[in-house]
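Visitor: Structure incoming, see below.
The values are calculated or read from the model by the stated rules, or taken from the named source; none is laboratory data. All values reported here derive from a predicted model rather than from experimental measurement. Using ideal geometry, Cβ is built from the backbone for each residue, glycine included, and neighbour counts are taken over all protein chains shown. Each accessible area value is taken on the protein alone, full model and side chains, heavy atoms only, with ligands, DNA and RNA left out. Shrake-Rupley method; radii C 1.70, N 1.55, O 1.52, S 1.80 Å.
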Amino acid sequence: VEHAVGRDWRIPDGGFWQVHPGAPATLTSAVLESAAVAPSDVCLDLYCGVGLFAGSLAPLVSHGRVIGVERASSAAAAARSNLADLDNVTIHTGRVDRWLMKARPLADVVVLDPPRKGAGRAVVNGIVATGARRVVHVACDPSSLARDISLLSEHGYELEALRAFDLFPMTAHVECVALLVKAG
């Protein structure tokens with residue numbers, strides 16, 4: 001059990017949690033600032049893990065909802081448990097690309113925190129189909145982030161802000177939060 005952003009988070013054995021103790025709060029703050037949600041927004045939290053970003057978005061969309069998608073069944077189950085008190089959060093288990101293709105959701109804001117390899121074309125196409133006005137991309141690999149930004153830019157999304165965080169001191173690794181907005 002970890003404590004961050006005012007909540008306790010149950011992490012399954014072998015599940016992902018940021019190593020740096022300040023990372024969850026730092027990244028959540030950057031994500032929320034970039035997301036700039038309105039109370040009635042529908043938000044997607046793709047690759048939601050145990051629900052950190054979904055749990056932080058939910059109180060801000062009091063008349064909207066948050067939909068999380070996570071491939072790892074143990075992490076998705078933990079997210080459901082961690083966020084059980086939030087009526088406007090739904091967590092789905094499955095591959096993000098397949099879920100987007102099947103569900104075809106509409107969204108105002110999409111937050112994604114994919115694995116090191118990035119989201120890729122199929123997920124980006126699914127994000128574009130949501131019609132989201134803002135995409136907040138959290139990435140631990142600048143190269144895969146650049147590829148995903150390029151794919152989103154092919155569909156009219158423009159990089160508005162990019163922040164890098166040294167959450168792995170004395171290593172070459174950085175964590176990035178990119179904000180992309182739909183042009184026009």
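Visitor: List every residue pair whose Cβ atoms sit under 7 Å apart, with the two residues 6 or more apart in sequence or on different chains, where the first one lies in segment 115-141 and is within 21 Å of Leu27 (Cβ to Cβ) and β-branched (Val, Ile, Thr) and the second, anywhere, is open to solvent by 10 Å² or more (accessible area, probe 1.4 Å) and assigned to a loop (DSSP other than H, G, I, E, B).
Guide: Close Cβ pairs (under 7 Å, with a partner that is open to solvent by 10 Å² or more (accessible area, probe 1.4 Å) and assigned to a loop (DSSP other than H, G, I, E, B)) amount to Val138/Asp113.
Visitor: Tell me, which residue of segment 152-166 that is out of contact with any Cys (no Cβ under 9 Å at 6 or more places or on another chain) and farther than 16 Å from Val111 by Cα is least open to solvent (accessible area, probe 1.4 Å)?
Guide: Gly156
Visitor: Still on this structure: State all residues of segment 35-56 that are open to solvent by 10 Å² or more (accessible area, probe 1.4 Å), more than 13 Å from Ala132 (Cα to Cα) and outside any loop (DSSP other than H, G, I, E, B); if no residue qualifies, say none.
Guide: If the condition is that a residue be open to solvent by 10 Å² or more (accessible area, probe 1.4 Å), more than 13 Å from Ala132 (Cα to Cα) and outside any loop (DSSP other than H, G, I, E, B), then Leu52, Phe53, Ser56 are the ones that fit.
Visitor: Among the residues of segment 93-132, how many are farther than 20 Å from Ser62 by Cα and open to solvent by 30 Å² or more (accessible area, probe 1.4 Å)?
Guide: In the first step, residues of segment 93-132 are kept if they are farther than 20 Å from Ser62 by Cα; the result is 93-104, 112-131.
From what's left, open to solvent by 30 Å² or more (accessible area, probe 1.4 Å): 93, 95, 97-99, 101-104, 113, 115-117, 121-122, 125, 128-129, 131.
Selection size over segment 93-132: 19.
Visitor: Would you be able to tell me the number of residues in segment 57-96 that are part of a helix (DSSP H, G or I) and more than 21 Å from Ser29 (Cα to Cα)?
Guide: 9
Visitor: Return the pairs, sorted by first residue and then second, in which the second residue is basic (Lys, Arg) and part of a loop (DSSP other than H, G, I, E, B), the first residue lies in segment 1-22 and is touching a residue at least 60 places away in the same chain (Cβ under 8 Å), the beta carbons are less than 8 Å apart, and the residues are 6+ apart or on different chains.
Guide: Pairs found: none.
Visitor: Filter segment 80-92 for residues that are within 13 Å of Val69 (Cα to Cα) and open to solvent by less than 80 Å² (accessible area, probe 1.4 Å) and give the result.
Guide: Val89, Thr90, Ile91, His92
Visitor: Any residue that is open to solvent by less than 50 Å² (accessible area, probe 1.4 Å), closer than 25 Å to Trp99 by Cβ, of a type in the set (S, T, N, Q) and part of a helix (DSSP H, G or I) - is there at least one of those in segment 2-25?
Guide: No, segment 2-25 has no match at all.
Visitor: Return yes or no: is Val123 closer than 23 Å to Leu180 by Cβ, outside any helix (DSSP H, G or I) and touching a strand residue (DSSP E or B) at 6+ places or on another chain (Cβ under 8 Å)?
Guide: Spelling it out, it is not the case that Val123 is closer than 23 Å to Leu180 by Cβ, outside any helix (DSSP H, G or I) and touching a strand residue (DSSP E or B) at 6+ places or on another chain (Cβ under 8 Å).
Visitor: A further question on this structure: Pick from segment 167-184 the residues that are free of Cβ contacts under 8 Å to residues at least 40 places away in the same chain and closer than 19 Å to Glu33 by Cβ: which of them is surrounded by the most Cβ atoms within 10 Å (Cβ to Cβ)?
Guide: Cys176
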